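Engineer: Quick one: the structure is below, and I'll ask about it shortly.
The values are calculated or read from the model by the stated rules, or taken from the named source; none is laboratory data. Note that the structure is predicted; figures quoted are calculated from it, not measured. Every residue, glycine among them, receives a Cβ derived from its backbone with ideal geometry; neighbour counts consider all protein chains shown. Areas reflect the complete protein model, heavy atoms only, side chains present, ligands, DNA and RNA absent. Shrake-Rupley method; radii C 1.70, N 1.55, O 1.52, S 1.80 Å.
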Amino acid sequence: CRIHRQPCHIVSTDFRPTPLVHYIFAPKGAGLHLVVDEQGQFRALGFQKAMNALQIANEEEEDKVEEDDEHKQRKNKKKKVISSTNQTTRRRYAINFTACTRK
């Protein structure tokens with residue numbers, strides 16, 4: 001085996017030099033949660049904590065999306081009211097202007 005034109009020596013072992021562990025990271029959660037340890041044992045408590053943190057983060061995200069939707073709906077209603085009053089004002093000015101010019 002060669003890497004960058006240099007010889008590479010492969011050493012096989014019966015054990016893993018770096019222990020293999022599995023973590024779950026929950027966004028906006030309390031950090032990393034150990035799910036599988038070095039011996040390959042499943043950690044139910046770590047998994048449960050991670051799932052709870054993910055569920056809380058998901059609920060917060062859903063609440064935020066709902067609030068954003070409500071805000072957009074209120075904003076659109078305000079725009080509709082403003083645009084309808086602007087159209088009414090424009091029509092009044094146009095009517096008054098044509099009435100003055102015809103005399």
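Engineer: If you take the square roots of the eigenvalues of the alpha-carbon gyration tensor of the stretch 1-43 and sort them as a ≥ b ≥ c, do you get rounded (a/c under 1.5), prolate (a/b over b/c) or oblate?
Structural biologist: Here the stretch 1-43 falls in the oblate category.
Engineer: Okay, next question. Under the 0.36 nm per residue contour assumption, what length would be gained going from the current alpha-carbon distance of T18 and D68 to full extension?
Structural biologist: 13.4 nm
Engineer: In whole Hz and in residue order, list the ³J(HN,Hα) couplings for the stretch 66-72 that follow from phi through the Karplus curve 6.51 cos²θ - 1.76 cosθ + 1.60, θ = phi - 60°; x for Gly and Pro.
Structural biologist: So the Karplus estimates, Gly and Pro as x, are 4, 5, 4, 5, 4, 4, 5 Hz.
Engineer: Sticking with this one: Roll a 1.4 Å probe over the protein heavy atoms and report the accessible area of T13 in Å², nearest 10.
Structural biologist: 70
Engineer: Another question, if that's okay. Please find the FRET efficiency linking Q39 to C8, where r is the Cβ-Cβ separation and R0 is fixed at 30 Å, and quote it to the nearest 0.05.
Structural biologist: That gives a FRET efficiency of 0.50.
Engineer: Heavy atoms only, 1.4 Å probe, whole protein assembly: order E38, E59 by accessible area, highest first.
Structural biologist: The residues order as E38, E59, largest area first.
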